[in-house]
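Below you'll find the structure, written out as structure tokens, and then a few comments.
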Amino acid sequence: MEFKFNMRIGWEIIFEANRKSIKTIISSCLEVVLWKRKRLIWGAQEASRYKIGTSYLLVPNSATEQKIAEQRFQKRAFVAPMTTSKHVLSLILLLFSVQLFYAQQTVGVFQNDASAYNGYTLFAPSGNTTTYLIDNCGLVINTWISDYPPGQSAYLLENGNLLRTAFVPSSFNGGGSGGRIELYSWEGALLWAYTYSSATYHHHHDIAPMPNGHILLIAWEQRSQAEAIAAGRNPNLVANQGIWSERIVEIEPVGSDGINIIWQWHLWDHLVQDFDENQDNYGAIAEHPELMDINYGNNGLDWIHLNAINYNPALDQIVVSARGLSEIWVIDHSTTTEEAAGNDGDFLYRWGNPQVYDRGTQNDQQFYGQHDVQWIAPGLTDAGKIMVYNNGQGRPGGNYSSVDIIEPPVNTDGNYELEAGQAYGPTGLSWSYVAQPPNSFYSPRISGVQRLPNGNTIICEGTSGHLFEIDNDGNTVWDYISPIRGNGPVSQGDVISQNSVFRAYRYGQDYGAFANKELIPGDPIELNPLDSDCVTYTDVAEIEAESPFRVLSNPVYEMLLIENLQTKGFYLKVVNANGQVIYFAKHDDALIEIGASGWPNGLYVIQLMQLDTLQLFSQKIIKI
């Protein structure tokens, strides 16, 4: 066996022997554990070289499927000496110290705890034409490549198709511009696309897929200076180019490039103003909380700036986020297009900034330039409530973001309650996440949030490309920095900037999109990735009465005791809450005793794999 250093690739571990002696060395001298980036590569020659970071290892071609499964289970590249010499051990330790010296993590997965919701995260980096699906260790599961950057959201449908927005140039040059919607197969084939854009309207920001296959979209709507003044807009607040109003459209995809328009709603049909009694829509603002004051807000073209839309099929209602007003609106979708143009299309509910409808002051404002409003789905913690990413730009106490949940005041008849002369309730938040210190979590624009089935919440801190998951107490359990700039991925260790992400979604392993799919983890997105200790806590049976193993000490004090009920050989791995493997060995004794006095207190996961059946088992333990 020979070790040598190569200036171009680093250390190489070379086994110069025939197949039999290689196998002997591996089994008698070293316990070899391989970190699987994609899968082991078995060549046609006597042995193959498998790359592990900057080191190489020769492995025999005659390895069995069991050996492959064992290596996949072991999951991490390290070499533990058994009978090898001290000099060899010193070289091995030097190999890894060299790698650590030259590599500092700046992107990718920083944390993946056992309490994180295991699944696959979808995101479409701003300015980049690729949409990514990664596992909890940051390894690529699938990608979709478009000819267009996002414009801005993307969704993975239950049938495995990707529905994404795309940016196309137009005369509407506002932030969040889109204009095109695309549908891709799981394999990346473009199935359908449509450009919803003209000189008078243009899609932007977001879409909402519906259970019937239709799509809700939001779009800017050009209104001339004369139209705005006739509707009661103060002439001093109207530029020569006019203003942009908003519309919501339900479309049905047809063929590969067509649509049917099913339903429409126009904000222009639901205005009020108290500026000019000789113009349309005149009335007292406070007496019409169901209407939009055309003179509230800034004097720019995009004075409303809707940035999110969500559909509730149980209620047949739509909620949208109006960033320019720092409030959200709920609208009835059960109407016809004609009914939506009348009183039946007025706001059912609004919340976030009662100044907009003259029933509050600055002290009553709760939202500050928010994004990503959504109803929390049935079956999840806080189901039926509304969740928002509150960007926090312009907060009186300083700029910081929060994730806020409210419970709308719905009576037994399903109507939103509103007391005469008062603002819509509630008066406060049901739940909120604020970092400590608060300004350590802040994105002035874009960003998103999602409540997960295990009660956790995944957050996209958009402008910094920071995706992270928190539990219900606000503890971070998964942490990721997007390595994508507009022109592609950066190398690990590079200082990252301009890596914004509009939104991200986590899909559980039981999500319909993954049925009958081969979900083989690939490489991390970043170039020149570091070796990783990351473990995905998945696809394992809990150790209960039917398990061939039994943990005799939980909580664990000085010793971890495990009873091997079938007295068969197995691999045992212990993983800490940061996803790092702290113990790995093969056992076949009836009673296994592992010293734990040096382990820090906290949560651990033990994982065991039987050597004969390759069945996996796991159990959480507590060290105190």
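The values are calculated or read from the model by the stated rules, or taken from the named source; none is laboratory data. Values in this document were obtained by computation on a predicted structure and should not be read as measured data. Backbone-built Cβ (ideal geometry, glycine too); neighbour counts: all protein chains shown. When the accessible area is computed, the model is the full protein with side chains, heavy atoms only, and any ligands, DNA or RNA have been set aside. Shrake-Rupley method; radii C 1.70, N 1.55, O 1.52, S 1.80 Å.
Extents of the stretch 275-343, taken as max minus min of Cα coordinates on every principal axis and listed largest first, are 40, 25, 20 Å. Multiplying the residue separation of GLN580 and ALA341 by 0.36 nm and subtracting their alpha-carbon distance yields 80.2 nm.
Applying 0.36 nm per residue to the separation of THR361 and THR412 and subtracting their alpha-carbon distance, the gain on full extension is 15.4 nm. The distance separating the Cα centre of the stretch 566-621 from that of the stretch 141-182 comes to 44 Å. Taking the dipole about the Cα centre of the stretch 119-254, with the C-beta of Lys and Arg at +1 and of Asp and Glu at -1, give me whichever of LEU237, ALA154, GLY179 is farthest to the positive side. Of the options given, the answer is LEU237. For the stretch 451-513, the spread of Cα coordinates along the three principal axes comes to 34, 30, 19 Å, biggest extent given first. Taking a ≥ b ≥ c as the square roots of the eigenvalues of the Cα gyration tensor, an a/c ratio of 1.5 or more together with a/b no larger than b/c marks the stretch 335-421 as oblate.
I need the Debye-formula profile for the stretch 353-395: one equal scatterer per C-alpha, no solvent, reported as log10 I(q)/I(0) at q = 0.25, 0.29 1/Å, two decimals. Ignoring solvent entirely, the Cα scatterers give -0.87, -0.94.
Taking Cα centre as origin and charging only the Cβ of basic (Lys, Arg, +1) and acidic (Asp, Glu, -1) residues, the dipole magnitude of the stretch 335-385 rounds to 260 debye. Dipole magnitude for the stretch 467-571: computed about the Cα centre from +1 point charges on Lys and Arg Cβ and -1 point charges on Asp and Glu Cβ, it is near 340 debye. Distance from the Cα centroid of the stretch 201-250 to that of the stretch 398-443 is 26 Å (rounded to whole angstrom). Rg/Rh for the stretch 129-205 stands at 1.02; both radii use Cα atoms, and Rh follows the Kirkwood definition.
Here the 3J(HN,Hα) profile of the stretch 559-566, calculated from phi with Karplus coefficients 6.51, -1.76 and 1.60 at θ = phi - 60°, is 9, 8, 10, 10, 9, 8, 5, 9 Hz, Gly and Pro shown as x.
Full extension of the chain between ASP280 and ALA515 gives 79.1 nm of extra length, using 0.36 nm per residue less the Cα-Cα distance. Would you mind getting me the FRET efficiency between MET210 and ALA383? Use the beta-carbon distance for r and R0 = 25 Å, nearest 0.05. Step by step, r from the Cβ atoms, then E = 0.85. Computed on protein heavy atoms with a 1.4 Å probe, the accessible areas place TRP478, TRP431 in the order TRP431, TRP478, largest first.
Taking only protein heavy atoms and a 1.4 Å probe, the accessible area of the stretch 167-243 is 54% carbon and sulfur. Label-to-label distance for GLU593 and ARG445 is 6.4 nm, based on points extended 7 Å past Cα in the beta-carbon direction. Placing unit charges on the Cβ atoms of the charged side chains and taking the dipole of the stretch 543-624 about its Cα centre, the candidate lying farthest along the positive direction among ILE622, ASN576, LEU608 is ASN576. Any idea what diffusion coefficient the stretch 390-454 gets from Stokes-Einstein, in µm²/s, Kirkwood Rh on alpha carbon pairs, 10 °C, 1.306 mPa s? Answer from the Stokes-Einstein relation: 113 µm²/s. Just check the stretch 102-172 against the gyration tensor rule for me: Cα atoms, a ≥ b ≥ c as the square roots of the eigenvalues, rounded for a/c under 1.5, and otherwise prolate or oblate depending on whether a/b exceeds b/c. Judged from the Cα gyration tensor, the stretch 102-172 comes out oblate (a/c at least 1.5, b/c at or above a/b). Is the C-alpha gyration tensor of the stretch 497-624 telling us rounded, prolate or oblate? Criteria: a/c under 1.5 is rounded; beyond that, a/b larger than b/c is prolate, otherwise oblate. Judged from the Cα gyration tensor, the stretch 497-624 comes out prolate (a/c at least 1.5, a/b above b/c). Karplus-derived 3J(HN,Hα) values for the stretch 149-159, using 6.51 cos²θ - 1.76 cosθ + 1.60 with θ = phi - 60°, are x, x, x, 10, 8, 8, 9, 9, 7, 5, 7 Hz; glycine and proline are entered as x.
The charge dipole of the stretch 241-285, taken about its Cα centre with unit charges on the Cβ of Lys, Arg, Asp and Glu (plus for the first two, minus for the last two), comes to roughly 140 debye. Close amide H pairs (under 5 Å, H built 1.01 Å from N) link SER153 with THR165, ILE207, residues at least 5 positions away or on another chain. Amide H contacts of VAL556 (H built 1.01 Å from N, in plane; Pro and chain starts excluded): ILE622, LYS623, ILE624 sit under 5 Å, all sequence-distant by 5 or more or on other chains. Coupling constants for the stretch 493-500 follow from the phi torsions by the Karplus curve (6.51 cos²θ - 1.76 cosθ + 1.60, θ = phi - 60°), and in residue order they are x, 6, 6, 9, 8, 6, 10, 5 Hz; glycine and proline get x. Estimated from the Cβ-Cβ distance and a Förster radius of 60 angstrom, the FRET efficiency linking THR143 and ALA420 is about 0.65. In the stretch 442-485, taking the dipole from charged Cβ atoms about the Cα centre, the farthest positive-side position among GLY474, ILE458, TYR442 is held by TYR442. Size estimate for the stretch 195-262 follows the Kirkwood approach: the inverse of mean 1/r over distinct Cα pairs works out to 13.6 Å. Taking every protein chain into account, the 1.4 Å probe leaves MET292 with about 0 Å² of accessible area, to the nearest ten. Amide H contacts under 5 Å for THR381: GLY455, restricted to partners 5 or more places along the chain or on a different chain, H placed in the peptide plane at 1.01 Å from N.
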